[in-house]
Amino acid sequence: MSPSALATALMTVGTGLGRQYYDLVFAELPEPRRQHMEEVVMKTLTPEYRSEYNRAIFAEGEARGEARGEAKAIITVLESRGFTLSDEVRDRIGQCTDIDQLDAWLRRVGSVATVDELFA
C-alpha cells in the first residue's frame with residue numbers, strides 16, 4: 001500500500017477508527033519502511049487522525065532530529081575552525097539531547113578560543 005493511499009483510507013474511515021488503523025499498520029511495519037511511510041502520511045493527515053501515542057512519538061522524533069542537527073552543526077563549526085576533536089568531545093556533543101544546552105554551545109562555537117571554553 002502506498003503512503004498516500006494509506007492516508008486517504010485513514011481519512012475515509014473517520015478519526016476514531018482511523019487512529020486505531022494507524023497504530024495497527026505502523027506497529028507492524030519494519031523500521032526503514034515505517035520511517036518513510038510516517039514521513040508521507042504525517043504530511044498528508046491532519047493531526048486529529050494520529051493517536052495520542054503516535055503524536056508523542058512523532059514529537060519525540062522531531063526533538064531528536066533537532067538535537068542531532070544542532071550537534072552536527074557544532075561539530076562542523078569546530079572542525080572548520082581547525083579544532084581537532086577527541087572522541088570524548090564528539091560523544092559529549094553528539095549525545096546531548098538538551099536543546100537549550102545545544103543552543104548555548106551553538107551560539108558560542110564561533111567565538112571560543114579552545115574546545116574546553118565551549119563547555120565552560
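Observations, loosely collected:
- Among the residues making up the range 71-88, those that are within 17 Å of SER111 (Cβ to Cβ) and under 23 Å from the mean Cα position of the chain (by Cα) are ALA73, ILE74, ILE75, THR76, VAL77, LEU78.
- Hey, LEU102 assigned to a helix (DSSP H, G or I) and in contact with a Cys (Cβ under 9 Å, 6 or more places away or on another chain) or not: yes
- For the range 72-120, a residue qualifies if it is hydrophobic (A, V, I, L, M, F, W, C) and loosely packed, with under 12 Cβ neighbours inside 10 Å, and the qualifying residues are ALA113, ALA120.
- Each residue in the range 15-55 was checked for being small (Gly, Ala, Ser) and at pLDDT below 70, and 1 pass.
The values are calculated or read from the model by the stated rules, or taken from the named source; none is laboratory data. Since the structure is predicted, the reported quantities are computational estimates derived from the model, not experimental observations. A quick note on method: Cβ atoms are made from the backbone with ideal geometry, for glycine too, and the neighbour counts reach across all protein chains shown.
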